[in-house]
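Read-outs throughout are calculated quantities, based only on the coordinates presented, and are distinct from any laboratory measurement. Everything quoted here is computed from the prediction, not taken from an experiment. Cβ placement follows ideal geometry from the backbone for every residue including glycine, while neighbour counts extend to all protein chains displayed.
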Amino acid sequence: MKEEAEQTEEVTKVTLKEKLKKLFGLYFSFAKIGTFTIGGGLAMMPMMQKELVDKKKWITEEELIDYYAVGQSTPGIIAANVATFVGYKQCGIIGGIVATLGMVTPSLVIIMILANLINSISDYPMVQKALNGINVAVAALLTSVIVRFAQKTIKNVWNALFMGISFILIFFFHVPSFIVILCAITTGIILTVIKVRKEAALADSALADSALAESAQEKTLHEESDGEEK
């Protein structure tokens, strides 16, 4: 009994140590992403892919795209939402909290520092030029992210058509994005239900045809057997 208790305690310590290591890894990985990425949630996607998918292998590229899609559709900051999803997948609720804290801590610290400086230096020409350069670089980065995102998500003509319609509604007619997202969700559910029912109908038809073929074959064999007996 004493040996079993010691083994159980040792296993618990190892498990706790691994969990703490994973939590520290989550915090520092997302803190690094939050520190060295400029441009918001979408601009963080390339670095998230490199850190979370390629290096840590915590999630797949498809999961990252799904997390971005859900994060865009839910309240709050996209990057923080994605961090919560990844952290929760790795270590449950505490993992989601730690990953989210890692993501927002650098921004909080940097903004608190800059808040006292920005009003006093924003009128300097050099600062204006630096900000303009940052804006151009962020625009290029966002364009790259959008192209990569589209390459991964647009898999058929219907996807491309719906993307074009969504862009027109938002950009030209100024339809609120949440309405477009709700329409996309509804359309996706309807198309999936139709596809599943169609596949089920085809499967039932194939089974019925197979049963008829077997019945016809048995009837033919029976008739041939009767003919031989006569």
What angle do you read, to the nearest 10 degrees and between 0 and 90, between the alpha-carbon axis of helix 177-229 and the longest principal axis of the chain?
20
Can you find, among SER205, TYR67, ILE118, the residue sitting farthest towards the positive end of the charge dipole of the chain, where Lys and Arg contribute +1 and Asp and Glu -1 at Cβ?
ILE118
Rounded to the nearest 10, the angle in degrees between the Cα long axis of helix 125-153 and the longest principal axis of the Cα atoms of the chain comes to 10
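According to the Cα gyration tensor, what semi-axes, each the square root of 5 times an eigenvalue, does the equivalent ellipsoid of the chain have, listed from largest to smallest in whole Å?
Values: eigenvalues 549, 214, 37 Å².
Its equivalent ellipsoid spans semi-axes of 52, 33, 14 Å.
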Prolate/oblate/rounded call for region 43-169, Cα gyration tensor, a/c under 1.5 rounded:
oblate
Cα centre as origin, Lys/Arg/Asp/Glu Cβ charges: region 74-223 dipole, Debye
580
